[in-house]
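Accompanying notes for the structure given below.
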Amino acid sequence: MRVGFIVNPIAGMGGRVALKGTDGVVEEAIKRGARPVAPDVARLFLNELSHFEESEKMRFLTGPGPLGEDYLREFGFPFEVIRHRKISYREVEDLRIPDTTSEDTKKLAGKMAEEVDVLVFAGGDGTARDVYSVVDGRVPILGVPTGVKMFSGVFAASPESAALLLVEFARGRARLEERDVMDLDEAAFRRDEIRPKHYGRAITPVVELLVQGAKEAQRVDEGETLEAIADAVAEEILEEDGVYFLGAGSTVKRIKDRLGIAGTLLGVDVVEVENGKARLLVKDAAEKDLLRFVDRNPKIVVTIIGGLNFLFGRGNQQFSAEVLRRIPKENIVVVAAPSKVEKGLIRVYTGDKEVDGKLRGYIRVRVSPWMEKMVKVV
């Protein structure tokens, strides 16, 4: 089987530093302490893939250097390189990064579409959009998730899931579906504005539980339920002094509003409650901000991303493995509309097997002011 493989080497760098994306802000992300994540995710994918005998029959077509060649060579996979141009590097804050753009992805994907059986890319929604724009249904595409938002339905649930899904595709056990390709205006996203756009539907190999869904809108008829949940949870928070990490999303934003703080819609805020009053300590916190407060036994309040069904690992990378390792599972408060738990499963993926293992099992989800539901975390 012939496999196209493209890595967007800067995808995901804006997540932990609260930039909610990387498009156009690589330098700012690095100044805030960001480091590349896509190379390590690509290695996770290839390492998992190397454990299957089916991988021995795969032949890869890839991009030069950091666009794919470097990682395939590390794991000894047979490959050919499309050397569409020489990749240069630049120094930003003493960090050497490749000078790549979306045009590299498009050129490589366009050339691969006529020669491969499936095209695998490591990136986020922007990368998915670039690949889709030139592939035009000629070949199935599969995303290895490395970005921040990843609202599209063409992504595997994790790098390891992507490897297994590719193997199942090689075995003829994966069905092909049309999946939504979506992206957000990142500049608006950073201003707490959600401006999603649907770009089309791409052919994607699918095996249940190995792929994520696309981002879903909240049901109109659940608004009153969420308002009531917000009232109840905010009241409970004000009754217990301490530090709280309040996550992203409209459900948690309702709680922030009830607490009387000017919190973000799409970011994580650090709040201190004392004597029945809430005070905003850090607005739109990055991972390093959360780490400053983990020794104060904070509680996390988060919701589930509809459609994607992720609790951690999509859109809230500030809750990194290092942060979650130091916070007990019982300190995590999950609030969600009933429709968010209809599937009976929630996903987590921090990239750390120990932390993911701690979070897996069952967790209580507040689905009304007076009721919790036990939901399985996978």
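Rank these by accessible area, largest first, 1.4 Å probe: F5, F79.
Reading off the accessible areas and sorting them downward yields F79, F5.
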**Asked** Where the only charges are on Cβ atoms (+1 Lys, Arg; -1 Asp, Glu), what is the dipole of region 228-375 about its Cα centre, to the nearest 20 debye?
**Response** 480
**Asked** When the dipole is taken about the Cα centre of region 67-173, and only Lys, Arg (+1) and Asp, Glu (-1) are charged at their Cβ, what size is it in debye, to the nearest 20?
**Response** 240
**Request:** Evaluate the charge dipole of the chain about its Cα centre and quote only its size in Debye, nearest 20, assuming +1 on the Cβ of each Lys and Arg and -1 on the Cβ of each Asp and Glu.
**Result:** 260
**Message:** Just to make sure I understand: if all protein chains stay in place, what is the order of Y199, Y362 by accessible area at 1.4 Å, largest first?
**Reply:** Y362, Y199
**Prompt:** region 327-365: which GluC sites (Glu not before Pro) are DSSP loop and have at most 15 other beta-carbon atoms within 10 angstrom?
**Reply:** E342
**Rg/Rg_globular for region 96-154, with Rg_globular taken as 2.2 N^0.38 Å and Rg from C-alpha atoms** = 1.08
**Prompt:** Any idea which of V134, A285, V268 is furthest toward the positive side of the dipole for the chain, if Lys and Arg beta-carbons carry +1 and Asp and Glu beta-carbons -1?
**Reply:** V134
**Request:** Specify which residue in the list I10, P98, A336 is farthest towards the positive end of the charge dipole of the chain, using unit charges on the beta carbon of Lys, Arg (+1) and Asp, Glu (-1), about the Cα centre.
**Result:** P98
**Prompt:** Which of I346, I327, I141 moves most in a GNM of the chain, Cα contacts under 10 Å?
**Reply:** I327
**Signed unit charges on C-beta, dipole axis of the chain, positive-most listed residue V252, V211, G242** = V211
**Prompt:** Can you list the lysines whose alpha carbon sits under 20 Å from that of K253, skipping same-chain ones fewer than 8 residues off?
**Reply:** K20, K149, K215, K277, K283, K299, K340
**Under DSSP loop assignment and at most 15 Cβ neighbours within 10 Å, longest trypsin sites (Lys or Arg not before Pro)-free interval of the chain** = 220-325
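Grab the DSSP H runs of the chain that are 4 residues or longer, score each as -39,500 (n - 2.57), total them, divide by all residues and round the 222 nm result to the nearest 500 deg cm²/dmol.
-8000 deg cm²/dmol
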**Asked** Using the Kirkwood radius built from alpha carbon pairs, what does the Stokes-Einstein equation give as D for the chain at 25 °C and 0.890 mPa s, in µm² per second?
**Response** 116
**Message:** Cross-link candidates for K57: which lysines have Cα within less than 24 Å, leaving aside residues fewer than 8 places away along the same chain?
**Reply:** K111
**Complete:** With every protein chain kept in place and a 1.4 Å probe, region 284-345 has an accessible area per residue in Å² of 34
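The values are calculated or read from the model by the stated rules, or taken from the named source; none is laboratory data. Worth saying up front: this structure is predicted, and the values here are computed from it rather than measured. Cβ atoms come from the backbone with ideal geometry, glycine included; neighbour counts cover every protein chain shown. Remember, those area values only see protein heavy atoms, side chains included, never the ligands or the DNA or RNA. Shrake-Rupley method; radii C 1.70, N 1.55, O 1.52, S 1.80 Å.
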